Amino acid sequence: MVMELAQYMTFKLGNELFAIGVGQVREVLEVSTITRVPTAPEYMRGVVNVRGKAIPVVDLRLRFGLPVVPDTVSTRIVVMELVLDGEVTVLGGIADSVHEVIELDESTMNPPPRIAMRWKTEFIRGMGRRGDDFIIVLDVNAVFASDEVALIGQAAGEEHEPSLS
């Protein structure tokens with residue numbers, strides 16, 4: 001059996017451990033001033049200034065239907081690069097804490113359980129294991145569906161050229 005190792009960055013929301021591919025992580029920031037956007041969906045916390053660019057910031061707890069909790073010293077903004085509708089989109093996701101970069105064997109990843117799953121299965125690429133812990137590997141492109149990201153982008157004041165297709 002051939003091992004297919006891939007690197008993932010792990011973070012926590014509540015008691016659950018999640019992972020996203022390191023190739024989609026631009027950087028991890030401490031929570032700073034987030035400017036609220038009045039017309040944004042509830043799960044969008046606002047925009048944050050990252051080197052002169054307004055980056056939309058989504059509260060991942062709200063996006064996954066978890067209760068809101070106050071930010072702590074461990075709360076971080078994970079700045080991610082997504083490809084949605086063929087367009088690169090940068091946005092931040094607020095996580096309770098960010099842990100480490102790990103390697104998971106893709107060939108041993110399990111599909112998400114079909115029942116008794118608290119998370120929407122279309123958001124999940126698979127379930128990894130590390131020791132006794134299960135790690136929920138997210139498909140971040142699915143988490144931020146293109147129609148919602150367009151709303152977030154508009155709320156953040158981004159200008160997108162209409163695509164000619």
Discussion item. Would you calculate the convex hull of the Cα atoms in region 5-155 and tell me its volume per residue in Å³?
Written reply: 124
Item to complete: Report relative contact order for region 1-139 in percent, whole number only (criteria: Cα-Cα under 8 Å, sequence separation at least 6).
Response: 29
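Each reported figure results from applying straightforward, stated rules to the coordinates on display, with no laboratory input. As the structure is a computational prediction, the values presented were derived from the model and not from experiment.
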